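Peer 1: Below is the structure I would like to discuss, written out as structure tokens.
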Amino acid sequence: MDHVSLLLVDDEQAILHMLKTVLLKEKFLDIDTVTTGEAALEACNNKTYHCIVLDIMLPGKSGLEICPFLRQVTDAPILFLTAKTTDYDKLTGFAVGGDDYVVKPFNPLEVVARIKSLLNRYLPSKTVVLQQQQNILSHVNTLSSDLSQGIYDFGRFQVFELAGELRVEGQAVTCPALVFQLLLFFCKHPNRIFTKSELYERVWGSEAISDDNTVMVHIHRIRERIEKAPSNPAFLVNVRGLGYKLIQPSNLSQT
């Protein structure tokens, strides 16, 4: 795990010390610790992290308040530490950009297990995308006649499959690997409704354990990128009781 960078954010030094000690024993060697949300944001502006453990109850801006700002500068999975146990509090954490949560008091080994789970979920997919991009570059001369293939045009935004790129109103928009894969799947099946379990199976894989919250978080992140008003989506819509579909304008067709 020496290639993985972790950021631990908690105002209790005892918790930071305990987590860092356990993580070091698990061979996580690159670990930074801060005690406020503002310091976490500064750290993410200066360094790339692969996973962030974020306490909700922080001095100054809370973890829930700082999370949307972190999402503007990092796509690292965020694991919330929370003393709150209601479904509303948990769903709020997912809504602002969190990927998982652990309720205090916790066993530090559970935190380690959840960090490993998040890393296993996100890091391999990024490696696959990088390999795809390298393959594209090595075959660029032979692909010149096929540049129009794998482009999905929805007017406001376009998805370029071969380049692994999303453009919104002509501007390139950064997109984490699994968010891009889910968006690409929708683009390949416009105007068709999919349940959350179908999406999880088709994008994450049939052998993965279905997780509705994971799908909801990724749909939220797609909307943040392609919609003018993410809370009132025009493209990626929820068909109540049935699932989700990506609407393609009638005057546009896939190429």
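Read-outs: derived from the displayed coordinates by stated rules, not from any lab. Model, not experiment: these values are computed from the prediction. Note that each Cβ is placed from the backbone with ideal geometry, even for glycine, and that neighbours are counted across all protein chains shown.
Peer 1: Expressed in nm to one decimal, what extension gain is obtained for the pair Glu169 and Ala95 from 0.36 nm per residue of sequence separation less their Cα-Cα distance? Walk me through the numbers on the way to the answer.
Peer 2: Numbers: separation 74, 0.36 × 74 = 26.64 nm, distance 2.50 nm.
Here the segment from Glu169 to Ala95 would lengthen by 24.1 nm.
Peer 1: Shifting gears a bit: Counting other C-beta atoms within 10 Å, and keeping those with at most 11, which DSSP coil chymotrypsin sites (Phe, Trp or Tyr not before Pro) do you find in segment 1-83? Walk me through the numbers before you get to the answer.
Peer 2: On the way: sites: Phe28, Tyr49, Phe69, Phe80; in loops: Phe28, Tyr49.
Hits after loop and neighbour filter: nothing returned.
Peer 1: If you place +1 on the Cβ of every Lys and Arg and -1 on the Cβ of every Asp and Glu, how big does the dipole about the Cα centre of segment 1-72 come out, in debye to the nearest 20?
Peer 2: Once rounded to the nearest 20, the dipole reads 180 debye.
Peer 1: What FRET efficiency would be calculated for the residue pair Phe160, Ile247, taking the C-beta separation as r and a Förster radius of 22 Å, to the nearest 0.05?
Peer 2: Values: r = 20 Å, r/R0 = 0.90.
Efficiency for this residue pair is about 0.65.
Peer 1: How many nm separate the modelled label positions at Ser117 and Gln13, each set 7 Å beyond the Cα in the direction of the Cβ?
Peer 2: 3.2 nm
Peer 1: So what is the relative contact order of segment 13-69, in percent, for Cα pairs below 8 Å that sit 6 or more residues apart?
Peer 2: On the way: 29 pairs, mean separation 18.1, N = 57.
Reported relative contact order: 32 percent.
Peer 1: Continuing with this model, one more query. How far apart, in nm, are two points set 7 Å out from the Cα along the Cα-to-Cβ line at Arg192 and at Val73?
Peer 2: So the label points at Arg192 and Val73 sit 4.1 nm apart.
Peer 1: Could I ask something else about it? Residue separation times 0.36 nm, minus the C-alpha to C-alpha distance between Lys228 and Ser62: what's the value?
Peer 2: 57.1 nm
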